[in-house]
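Enquirer: Right, I'll just put the structure down here and ask away after.
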Amino acid sequence: MTQGVEFLQLSSYYGERDRLFRTLAMSVHAVFGFSFFTLVLFCALAGFALAPASAEPLKANIQFDQELSPLKAGLREGERMNLKGVATDKQITEWRRIPRWFAGTWHRERTIKYVEGRPVSYQTRADLITGYQQDAKGRVWQPVFTSVRKVDADEYIEYQMPQRKTVYAIEQGKYTSFSLSTRLRVDKETGRIVASFQQEDLSVSSPEEDGVVRAVVNCRVFSQDGKVKFEDTIEVLEQRTEDFNPIDEFNGIDYRASFIKFLEESGHPELIPPERPPSVLTQNQERILSSEKKDNSLTKIKSKLGATE
């Protein structure tokens with residue numbers, strides 16, 4: 001889960017699937033919050049494979065692609081990463097509603113990957129937030145951000161760039177998202193791209209019990225040339241540590257004002273929440289948001305990697 005459900009990730013298609021998986025799991029909370037939470041959030045924090053036969057489709061007309069367009073120059077292996085023209089600032093493009101059971105502050109301890117039908121557990125400790133505002137009917141909403149996400153791994157930095165609008169669906173006892181992103185792994189020393197791939201993620205979250213959510217993410221990974229490399233499935237359990245607490249403002253972003261403007265422009269002024277005292281962030285919320293701010297700061301990285309080359 002992630003900032004209201006954002007994103008996820010997975011291992012390297014160079015025969016290093018465990019390593020790619022660890023990165024995917026780390027960024028999953030980014031698909032949902034996270035799109036897994038984001039999502040994740042994170043096949044991926046590392047966040048986002050072809051869904052197995054038992055997986056239910058998001059919608060009848062949504063399917064994993066068989067092939068994608070090749071990545072352009074500046075995004076391919078061996079080159080210097082080119083962030084020119086890529087949105088790196090955290091901007092709210094819209095708001096989406098999430099189930100009440102999916103709102104709050106959460107902790108994830110481990111991620112499970114299935115290898116030949118057997119579960120393999122990895123430690124992927126993370127904390128995340130879902131749900132920033134509440135409308136007049138008491139329903140919880142999450143901001144949708146447009147920005148590059150950065151995941152710091154041991155040997156490299158992975159950049160996750162959304163390629164199309166993520167599709168979300170709320171059903172009885174289920175919250176689903178379907179996304180596509182480009183993933184670039186940049187060597188910390190040379191600034192060169194060591195791995196470049198694209199990834200589609202289908203994640204389904206559902207409540208196990210009060211305060212516990214299970215997320216299953218099916219991932220399909222494509223090479224930089226748009227060819228299918230492999231598919232995988234991961235699973236995480238999220239434990240709620242704090243109930244929903246609205247986030248009105250942080251780091252210069254007025255979330256309440258943005259939410260009200262969204263409701264007005266979408267033709268639903270009746271959903272505008274009543275006036276109330278400004279919310280106060282909990283210590284956990286402050287810590288998580290501050291960490292996300294640090295992880296997503298690309299200003300210095302852009303110049304170091306030759307963003308204008």
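Nothing in this text is a laboratory measurement; each read-out follows from the coordinates by a stated rule. Here the structure is a predicted model, which is why all the values come from computation and not from measurement.
Enquirer: With θ set to phi - 60° and the Karplus curve 6.51 cos²θ - 1.76 cosθ + 1.60, what are the ³J(HN,Hα) couplings of the stretch 162-169 in order, to the nearest whole Hz, using x for Gly and Pro?
Expert: Values per residue, Gly and Pro as x: x, 10, 7, 5, 6, 9, 10, 8 Hz.
Enquirer: Using modelled backbone amide H atoms (1.01 Å from N, in-plane), which distant-in-sequence or interchain residues come within less than 5 Å of Ser279's amide H?
Expert: Asp248
Enquirer: Set the bar at 29 Å for Cα to Cα. Now go through Lys72/Lys174; Lys90/Lys113; Lys137/Lys165 and name every pair that lies beyond it. Intermediate values should be presented prior to the final figure.
Expert: Values: Lys72/Lys174 36 Å; Lys90/Lys113 31 Å; Lys137/Lys165 27 Å.
Lys72/Lys174; Lys90/Lys113, as the Cα separations exceed 29 Å there.
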